[in-house]
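The block underneath contains the structure these notes are about, expressed in structure tokens.
The values are calculated or read from the model by the stated rules, or taken from the named source; none is laboratory data. Here the structure is a predicted model, which is why all the values come from computation and not from measurement. Using ideal geometry, Cβ is built from the backbone for each residue, glycine included, and neighbour counts are taken over all protein chains shown.
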Amino acid sequence: MFSYYLDLALRSLGRNKMLTALMVLAIALGIGASMTTLTVLHVLSGDPLPGTSGTLFYPQLEPRDMDGFEPGMEPPRQITWIDGMNLLKAKRGDRQALMTGGAVPVQPAQSGMDPFYSDARYTSSDFFSMFQVPFLYGRGWSAADDDNKARVVVISRTLNDKLFGGKDSTGQTLRLKEGAFRVIGVLDTWRPNPHFYDVNMGNYSNAEDIFVPLTTSRDMRFDHNGSTDCWGTGGGDDDHAETQPCVWLQFWVQLDSAAKVAAYKEYLEHYSQEQKALGRFERPVNVRLPGLMEWLDINKVVPGDVKLQTWLALGFLVVCLVNTVGLMLAKFLRRTGELGVRRALGASKREVFTQLLIESGVIGLAGGVGGLLLAFLGLWLVRLQPSSYASLAHLDLSMLVMTFLLAVGASLLAGLLPAWRACQVAPALQLKSQ
Amino acid sequence: MDILPILSTLRRHKITAFLVIIEIALTCAIICNAVFIINQRIDRMNMQSGVDEHRLVYIELADIGASKDEKARTLEDLAALRQISGVEQVASINEIPFGNSSSNSGIKLDLKQRLSTLNATMYSGENLVKAMGTQLIEGRDLLPDEYMDFDQVVRAAAAKDAKQIPHVVVITQTMAQRLWPGQSALGKQLYISEYPLTVVGVVRELVRPSIWDDSAKSYSMIMPMREADGRYAILTRTPGDRERVLAAALAKLKEINPRRVVLKKVTLDDLRHDFFQNDRAMAGLLVGVCVALLIVTALGIVGLGSFWVAQRRRQIGVRRALGATRRNILNYFQTENFLLATIGIALGMLMAYGINLLLMVHYELPRMPAIYFPVGAVLLWIIGQLAVLGPALRAAAVPPVVATRSV
């Protein structure tokens, strides 16, 4: 029966090519635009570390003085050196890392290659295990290296390709600023999206090319990049950043169970009270412990423009659907004569209804194919854009399946009303007027 | 034209008429808001920077190793840059409009204030006003003996030594009006942290390097501090000199000290272009969607119009046979479309207003000016009339003899 209806649908669609083309085009345009923007939204609001993101938390403390205090204020989104080091040394989480971003001058050993600046991450040792960073060669450094301010470096695959031709470079020496660093690890391709661990450095930027221990970076006086917020007399003096009343570091902690999360929050409150008693903290205790995904929400990492575009595309899809409903209605009602004959010959309302829905399904499928092509075109256009997230805009399998489900679903929905209207035809009346 | 017969016909085609109305309403609502956003973005892209953009170039350098005497080298750099032909002014500065990197501070008018009055960016660098081509409209520029070295100021602030901290400042007109509405800012005092600064000059405009909030984009101060951070603003004599000056400047700077890396070498025009790239992309996308929407809507009207004409051939034939002219028939379909479009537009206006309210809440957009409503209405009326013209002409071509034929 299905194949018979399909045959009928194709015949009917072929009879009025202009109208069919219009309907398919409308669906394709709506689907294409929606899928393009939905894909971008899907890519940008994704989970950077599927599976582990639920166990990662970002503690926030309130170390500022009373100047400008208002109850209910959000604590700073970064942490001071003193608090960061205290939390790191306390080791209350399963893993923890204190970090910040920067840029370091690289002096290649090869003649003919000019010195250049590379983005760097200065971090404590748990960074690699906590964020499950994949290694191509070697490994990260140890807590002892952190303590000893060891001159060791982990580099990205891109930098390894550039400097060492992609060979295993562990054990080689790399000159950073004035210091000789030993390469102890090379990362495999790693680009967490968003760049969750430091949203000051661009939400969708590449991971850094150079990783060195945080303590070493201070020892070497490497430049710090990103946001620095100071209060009181703080500010400007990078040489004494450790003691300045400024927040400029990020601290992440891994807590593997809900009980540990509660305990950690209690620890943070206790710590704040202690600091208040010591006179370091002035404001009332105010600690927060957002999880990774919550942290991304708080920082509004998904650009407002992208959300706006998605709403716009969905609005466009609705217009296209209304358009299709109108056209299908016109098409189905024009065939009341034929439908009247079928009804008179014994087809039930239900069968006629099914037949018409199959016809709209076929239109949806054709619109889906067209929409997919348009989505590929749309995403290609998005990738030409200069935004940092542009290169991420690719259609994956789930979005591909969704395109077809959306297209067929939307056109079936659009077909419901016209099909129902066409079924209401009284066969006797139609036959009489013929 | 008699409207009543049209209304009675439409009443018998409720669903189809309703669909046309909804489609026009949605299109109208979306287009009004999209065009509004496009205009917002265009306004943003045309933002005044307050500097002489077409003549200004910017260079940013960083040292490879530890640098010895940055101040002496900066003086040497500046002297060398001044000698390049086509260079009018140079300055070693800390930040540049559209450069996306800035240092900012809370400003108070009274030390007893608990919260800052506003947050402003701090430009600094000797000769900055002249080298950026910023226009002074009140008071005077900072004087040579008022400048202090930036690193010394930082040290003085840590030691709370008020003598080594600047006590004069130049601010923008917007900031002056925000702090002292309706008064002259000259001679007035503002506070950064606990240190008072007297306003000695006001510039027409100087936009911040990074803009989070459009309403605060012009809150800028120029501090009397000398910078030695490898950031140079060079004002060329004519726009045509820029490329040559940039190349010559880089060669000179490399010659003075080869052990540094060029981080940026741009004209201000390029900086502006990059700064607004997302706005440009968004505006382009919105234009694309508007065009697609209008095409889809127009095609929808063509499709439904054709269907109606085909359905009413007999009726049209009868009217023609009874003496209606071709023009009558044409007018009939045009009026019908006009009626539907008008209802759709009225509904669309309400929806446009609602969407605008939502956008104001969620995307911090301002209220849409009333002018968008009539413009949107006229646009959709025109689109509707153009789309219906084809089917209507076909209807007018139906000969009266059709009335006598059976189908």
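From A:Leu174, A:Leu163, which residue is crowded, with 19+ Cβ neighbours inside 10 Å, of a type outside the set (Val, Ile, Thr) and in contact with a helix residue (DSSP H, G or I) (Cβ under 9 Å, 6 or more places away or on another chain)? Write out each step before concluding.
Details: A:Leu163 fails: in contact with a helix residue (DSSP H, G or I) (Cβ under 9 Å, 6 or more places away or on another chain).
From the options A:Leu174, A:Leu163, the qualifying one is A:Leu174.
Looking at the stretch A:345-434, what helices (runs of 4 or more DSSP H) fall wholly within it and have at least 1 residues that are modelled with pLDDT of 85 or more and more than 17 Å from A:Gly30 (Cβ to Cβ)? Working first, answer last.
Working: elements: A:349-384, A:397-423, A:427-433.
The qualifying helices (runs of 4 or more DSSP H) are A:349-384, A:397-423.
Given the residues B:Ile343, B:Ile355, which is the only one that is under 40 Å from the mean Cα position of the chain (by Cα), within 12 Å of chain A (Cβ to nearest Cβ) and modelled with pLDDT of 90 or more?
B:Ile355
Looking at the stretch A:354-373 only, could you name the residues that are buried (at least 22 other Cβ atoms within 10 Å of the Cβ) and under 13 Å from A:Thr37 (Cα atoms)?
Matches in the stretch A:354-373: A:Gly371 only.
Among all residue pairs at least 6 apart or on different chains, which show Cβ distances below 9 Å where the first residue, located in the stretch A:315-342, is part of a helix (DSSP H, G or I) and the second is surrounded by fewer than 24 Cβ atoms within 10 Å (Cβ to Cβ) and aromatic (Phe, Trp, Tyr)?
A:Gly326/B:Phe307; A:Leu327/B:Phe307; A:Leu329/B:Phe307; A:Ala330/B:Phe307; A:Ala330/B:Trp308; A:Lys331/B:Phe307; A:Leu333/B:Phe307; A:Arg334/B:Phe307
Being aliphatic (A, V, I, L, M) and assigned to a helix (DSSP H, G or I) is the filter; apply it to the stretch B:249-270 and report the residue that is nearest to the other protein chains (Cβ to nearest Cβ). Before you say what the answer is, go through the steps one by one.
Taking the stretch B:249-270 and keeping what is aliphatic (A, V, I, L, M), we get B:249-251, B:253, B:256, B:261-263, B:266, B:268.
Next cut, assigned to a helix (DSSP H, G or I) only: B:249-251, B:253, B:256, B:268.
On the way: B:Ala249: 18, B:Leu250: 13, B:Ala251: 15, B:Leu253: 14, B:Ile256: 16, B:Leu268: 18 Å.
Here the residue is B:Leu250.
Return the pairs, sorted by first residue and then second, in which the second residue is in a loop (DSSP other than H, G, I, E, B), the first residue lies in the stretch B:158-169 and is without any contact (Cβ under 8 Å) to a residue 60 or more places away in the chain, the beta carbons are less than 7 Å apart, and the residues are 6+ apart or on different chains.
Cβ pairs passing all conditions: B:Ala158/A:Thr233; B:Ala158/A:Asp237; B:Lys160/A:Thr233; B:Pro166/B:Pro224; B:Val168/B:Leu142; B:Val168/B:Pro224.
Condition test on B:Arg12, is it surrounded by 15 or more Cβ atoms within 10 Å (Cβ to Cβ) and either touching a helix residue (DSSP H, G or I) at 6+ places or on another chain (Cβ under 9 Å) or within 14 Å of another protein chain (Cβ to nearest Cβ) (or both)? Lay out the reasoning, then the answer.
Details: surrounded by 15 or more Cβ atoms within 10 Å (Cβ to Cβ): no; either touching a helix residue (DSSP H, G or I) at 6+ places or on another chain (Cβ under 9 Å) or within 14 Å of another protein chain (Cβ to nearest Cβ) (or both): yes.
Against the criterion (surrounded by 15 or more Cβ atoms within 10 Å (Cβ to Cβ) and either touching a helix residue (DSSP H, G or I) at 6+ places or on another chain (Cβ under 9 Å) or within 14 Å of another protein chain (Cβ to nearest Cβ) (or both)), B:Arg12 does not qualify.
Among residues belonging to the stretch A:294-320 that are more than 14 Å from every other protein chain (Cβ to nearest Cβ) and buried (at least 17 other Cβ atoms within 10 Å of the Cβ), point out the one that is farthest from A:Val382 (Cα to Cα).
Checked the stretch A:294-320; the qualifying residue farthest from A:Val382 (Cα to Cα) is A:Trp295.
Within the stretch A:88-108, does at least one residue satisfy the condition of being in a helix (DSSP H, G or I) and aliphatic (A, V, I, L, M)? Spell out the reasoning first.
If we filter the stretch A:88-108 for residues that are in a helix (DSSP H, G or I), which is where we start, we get A:88-90.
Cutting the leftovers down to aliphatic (A, V, I, L, M) gives us A:88, A:90.
For the stretch A:88-108, residues in a helix (DSSP H, G or I) and aliphatic (A, V, I, L, M): present.
Here are the criteria: (1) away from chain A (no Cβ under 12 Å); (2) assigned to a helix (DSSP H, G or I); (3) out of contact with any Phe, Trp or Tyr (no Cβ under 7 Å at 6 or more places or on another chain). Tell me which single one B:Ile234 does not satisfy.
Evaluating B:Ile234 over (1) away from chain A (no Cβ under 12 Å); (2) assigned to a helix (DSSP H, G or I); (3) out of contact with any Phe, Trp or Tyr (no Cβ under 7 Å at 6 or more places or on another chain) leaves (2) as the failure.
Among the residues of the stretch B:73-131 satisfying the criterion of being of a type in the set (Asp, Glu) and outside any strand (DSSP E or B), which is farthest from the chain's Cα centre (by Cα)?
Of all residues in the stretch B:73-131, those of a type in the set (Asp, Glu) come to B:76-77, B:88, B:95, B:110, B:126.
Checking the rest, the ones that are also outside any strand (DSSP E or B) come to B:76-77, B:95, B:110, B:126.
Numbers: B:Glu76: 39, B:Asp77: 36, B:Glu95: 21, B:Asp110: 34, B:Glu126: 31 Å.
The residue in question is B:Glu76.
Could you tell me which of the residues A:Ser45, A:Ser12 is surrounded by 15 or more Cβ atoms within 10 Å (Cβ to Cβ), under 30 Å from the mean Cα position of the chain (by Cα) and hydroxyl-bearing (Ser, Thr, Tyr)?
Working: A:Ser12 fails: under 30 Å from the mean Cα position of the chain (by Cα).
Unique residue meeting the criteria: A:Ser45.
Here is a check on your reading of the model: is B:Arg313 of a type in the set (D, E, K, R) and over 40 Å from the mean Cα position of the chain (by Cα)?
Judged against the criteria, B:Arg313 is a match.
Scan B:Gly323, B:Gly384, B:Gly303 and give me the residue that is free of Cβ contacts under 8 Å to residues at least 24 places away in the same chain and either surrounded by 19 or more Cβ atoms within 10 Å (Cβ to Cβ) or not assigned by TED's automatic domain parsing to the domain that holds B:Ile15 (or both).
Values: B:Gly323 fails: either surrounded by 19 or more Cβ atoms within 10 Å (Cβ to Cβ) or not assigned by TED's automatic domain parsing to the domain that holds B:Ile15 (or both); B:Gly384 fails: free of Cβ contacts under 8 Å to residues at least 24 places away in the same chain.
Matching residue, one of B:Gly323, B:Gly384, B:Gly303: B:Gly303.
One line per residue, one yes/no per condition, for (1) surrounded by fewer than 17 Cβ atoms within 10 Å (Cβ to Cβ); (2) outside any helix (DSSP H, G or I); (3) in contact with a strand residue (DSSP E or B) (Cβ under 7 Å, 6 or more places away or on another chain); (4) within 12 Å of chain B (Cβ to nearest Cβ):
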residue: A:Tyr197; (1), (2), (3), (4): no, yes, yes, no
residue: A:Ala207; (1), (2), (3), (4): no, yes, no, no
residue: A:Val212; (1), (2), (3), (4): no, yes, yes, no
residue: A:Ser217; (1), (2), (3), (4): no, no, yes, no
residue: A:Arg221; (1), (2), (3), (4): yes, yes, no, yes
residue: A:His224; (1), (2), (3), (4): no, yes, yes, no
residue: A:Asp239; (1), (2), (3), (4): yes, no, no, yes
residue: A:Thr243; (1), (2), (3), (4): yes, yes, no, yes
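Please verify whether the stretch A:52-71 includes one or more residues that are among the basic types (Lys, Arg), within 14 Å of chain B (Cβ to nearest Cβ) and outside any helix (DSSP H, G or I).
We begin by selecting, within the stretch A:52-71, every residue among the basic types (Lys, Arg); these are A:64.
Checking the rest, the ones that are also within 14 Å of chain B (Cβ to nearest Cβ) come to A:64.
The next check asks that each one be outside any helix (DSSP H, G or I); those that pass are A:64.
Yes - at least one qualifying residue is present in the stretch A:52-71.
Please count how many residues of the stretch A:375-389 are at the interface with another protein chain (Cβ under 9 Å from one of its Cβ atoms) and under 15 Å from the mean Cα position of the chain (by Cα).
Matching residues across the stretch A:375-389 total 1.
Taking the stretch A:321-363 only, how many residues are within 37 Å of the chain's Cα centre (by Cα) and either closer than 28 Å to B:Ile31 by Cα or facing chain B (nearest Cβ under 7 Å) (or both)?
Of the residues in that region, 6 qualify.
Could you check B:Gly50 against (1) surrounded by fewer than 21 Cβ atoms within 10 Å (Cβ to Cβ); (2) more than 10 Å from chain A (Cβ to nearest Cβ); (3) in contact (Cβ under 8 Å) with a residue 12 or more places away in the chain; (4) of a type outside the set (A, V, I, L, M) and say which number it fails?
Answer for B:Gly50: the failing condition is (1).
How many of the residues making up the stretch A:155-195 are in contact (Cβ under 8 Å) with a residue 40 or more places away in the chain, among the small types (Gly, Ala, Ser) and not in a loop (DSSP other than H, G, I, E, B)?
The qualifying residues number 2.
Being among the polar types (S, T, N, Q), in the same structural domain as B:Arg204 (by TED's automatic domain parsing) and at negative phi: is that true of B:Thr74 here?
Details: among the polar types (S, T, N, Q): yes; in the same structural domain as B:Arg204 (by TED's automatic domain parsing): yes; at negative phi: yes.
Yes: the conditions hold for B:Thr74.
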